[in-house]
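Note sheet for the following structure.
Just so you know, all these numbers are worked out from the coordinates, no wet-lab data involved. Every value quoted in this text rests on a predicted model; they were computed, and no experiment measured them. Here the Cβ is made from the backbone with ideal geometry for all residues, glycine too, and neighbour counts use every protein chain on show.
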Amino acid sequence: MNKIALITGATSGIGEATALILAENSFDIIITGRRNDLLDSLEKKITSQTTSRVKKLCFDVRKLTEVKTALSSLETDWKNIDILVNNAGLAVGLNHIDEGVVDDWERMIDTNIKGLLYVTREVSPGMAARKSGHIINISSIAGKEAYEYGNVYCATKHAVDSLSKTMRIDLLKYHIKVTNIAPGMVDTEFSTVRFKGDKERADNVYKGLTPLYAQDIAETILFAVSRPAHVCINDLVIMPTAQAAATLVFRE
């Protein structure tokens, strides 16, 4: 019987690539996100390209009631979630703290921290009861370093980094693995969201270098969840070759 993996933020980027690669490797997949049309498209892709089962849940991780309702609706044969990929996250805006937009702050805090916590709170008790499971938290190089204009985004990803460590401690007695993955520059919707839809500005972020791609992170997640039972990858920082630090890149 296939293991079950639940992936948040599966409508694009790292989440979508992870859903596909895990399905290709005999995991049954629960895909979640806010954009139902994109979930529909991914569901069709998985069913047409793999033999894995797929379950679609459309909800907003920022809203606890939606998280509870969606996850409690799972049928019995979907409830035993083996892998949780806390991927939903975003950066919004680039302002100094004294000029910060409070709505931007709340979106990042509610998604990157509270959303991760809400989903983990619903899924981890089942893992604890079965004394088995693996939680993957997608952090960022912004969770390892601080940089100008990054203030609240960096703070949220530092929180994810810290939560990954404390989850590992709290869940150790249940044999639950926790992996923190901190990518550098990944060419997804990330910069378009950060620049609030300014595609030209977003494209300039990756000009003159080869960034990471969603598939690179998805392959890393597959590696982590495929290790033997006695091996846990606690923490991984993944950078493009052209990037040495959060704000230090080499452009041709």
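Observations, loosely collected:
- Matching residues, the stretch 35-54, being surrounded by 16 or more Cβ atoms within 10 Å (Cβ to Cβ) and in contact with a strand residue (DSSP E or B) (Cβ under 8 Å, 6 or more places away or on another chain): LEU39, LEU42, GLU43, ILE46, SER52, ARG53, VAL54
- Within the stretch 196-223, being surrounded by fewer than 21 Cβ atoms within 10 Å (Cβ to Cβ), among the hydrophobic types (A, V, I, L, M, F, W, C) and either part of a helix (DSSP H, G or I) or within 20 Å of the chain's Cα centre (by Cα) (or both) holds for ALA202, LEU222, PHE223.
- Matching residues, the stretch 180-195, being within 18 Å of the chain's Cα centre (by Cα), over 15 Å from THR247 (Cα atoms) and among the hydrophobic types (A, V, I, L, M, F, W, C): ILE181, PHE190, VAL193
- One residue from ILE4, ILE46, ILE31, ILE97 being under 21 Å from VAL178 (Cβ atoms) and among the β-branched types (Val, Ile, Thr): ILE4
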